[in-house]
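Down below is the structure, laid out as structure tokens.
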Amino acid sequence: MPNTARKELLKLKKVIHPKSRKTQALAKQVKKVSAREKTKLVHHMKQNLLGEKLLWFRDNLEPGAAVYSPQLVEQLIDKYLKRFSDELEQIKLKHSVGNRGKSRQHASREDIIRLTVLRDEEEFATCGLEVPDLLNPKQLQLLRSWSGELRYIQNLRLVRLHRRGLKELASKQSQGLATLEAEVSGQAEVSGGQAEVSRQRRQSSDQSAPEKVPNAASTAESNTHRTNEGTMDIDKC
């Protein structure tokens, strides 16, 4: 019983009727406080489970990877789906010792693990598994620097990723890279072709340039000047 309802009951100095208004008010208050405590407990449990998931991803990141590609994210999620493999092997080994296989020791733990893995695999194959946004470099850096305190979980962004979407994104990125390389190569070829065409044009223009022909008027003037000079020389003689 919550402390508030307990204090209210202690204040009562006489026995009250079970169907009285006071009893109904106390019952309503107890129910309200119990529902609030239950909601708070469920929230804390979800926060703890989410914190464990984020810690696992933080501890299993590649040390030198500043950016995560879709292929790396898919590999990390596959590793996350197999995180209970060692524990299941140990349980299986314990079952195989002696006659313990009939009693199924740790059966509840084994069932919980199998159901959890089955649910995660189904989500990753269909609607998407909720994981930290590793494709965002800023979020990746925040996850690396996260100290593990639950109050800072709100700073980490979660996204739902599925296998088909990651493969499509990886294919688009590879196609985009191939297109970019082709464009760069094409631009280089065009620049080289333009340079070759300009060089050929310069050569053809140099070869086809006409030689300088003496002007007829200047030639006649020069001959007249020479004739006058000859006449002057004759007169002097």
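The values are calculated or read from the model by the stated rules, or taken from the named source; none is laboratory data. Source: prediction; values computed, not measured. Quick reminder, even Gly has a Cβ in these numbers, built from the backbone with ideal geometry, and neighbours come from all protein chains shown.
What do you reckon, is GLU87 surrounded by 12 or more Cβ atoms within 10 Å (Cβ to Cβ) and modelled with pLDDT of 90 or more? Talk me through it step by step, then tell me what you get.
Values: surrounded by 12 or more Cβ atoms within 10 Å (Cβ to Cβ): yes; modelled with pLDDT of 90 or more: yes.
Yes.
Out of the residues in region 39-76 that are among the basic types (Lys, Arg) and modelled with pLDDT of 90 or more, state the one that is farthest from LEU140 (Cα to Cα). It would help to see each step written out before you state the result.
Of all residues in region 39-76, those among the basic types (Lys, Arg) come to 40, 46, 53, 58.
Narrowing the set further to residues that are modelled with pLDDT of 90 or more leaves 46, 53, 58.
Working: LYS46: 22, LYS53: 15, ARG58: 9 Å.
Result: LYS46.
Have a look at ILE112, ILE153 and point out the one that is over 26 Å from LEU177 (Cβ atoms), surrounded by 13 or more Cβ atoms within 10 Å (Cβ to Cβ) and β-branched (Val, Ile, Thr). Walk me through it before giving the result.
Numbers: ILE112 fails: surrounded by 13 or more Cβ atoms within 10 Å (Cβ to Cβ).
Unique residue meeting the criteria: ILE153.
Here's a check for you: in region 93-109, which residue that is exposed (fewer than 12 other Cβ atoms within 10 Å of the Cβ) and part of a helix (DSSP H, G or I) is modelled with the lowest pLDDT? Outline the logic, then answer.
At the first step, the residues of region 93-109 found to be exposed (fewer than 12 other Cβ atoms within 10 Å of the Cβ) are 93, 96-99, 102-103, 107-108.
Now narrow it down to the ones that are part of a helix (DSSP H, G or I): 93, 96, 102-103, 107-108.
Numbers: LEU93: 87, SER96: 80, LYS102: 60, SER103: 64, ALA107: 82, SER108: 89.
Among residues in region 93-109 that are exposed (fewer than 12 other Cβ atoms within 10 Å of the Cβ) and part of a helix (DSSP H, G or I), the one modelled with the lowest pLDDT is LYS102.
Starting from region 75-96, keep only residues that are of a type in the set (Val, Ile, Thr), then list their pairs with residues that are in a helix (DSSP H, G or I) and surrounded by 16 or more Cβ atoms within 10 Å (Cβ to Cβ) whose Cβ atoms are within a distance under 6 Å, requiring at least 6 positions of separation or different chains.
From residues that are of a type in the set (Val, Ile, Thr), the pairs are ILE91/GLU110.
Taking LEU169, is it modelled with pLDDT of 90 or more and assigned to a helix (DSSP H, G or I)?
On the way: modelled with pLDDT of 90 or more: yes; assigned to a helix (DSSP H, G or I): yes.
Judged against the criteria, LEU169 is a match.
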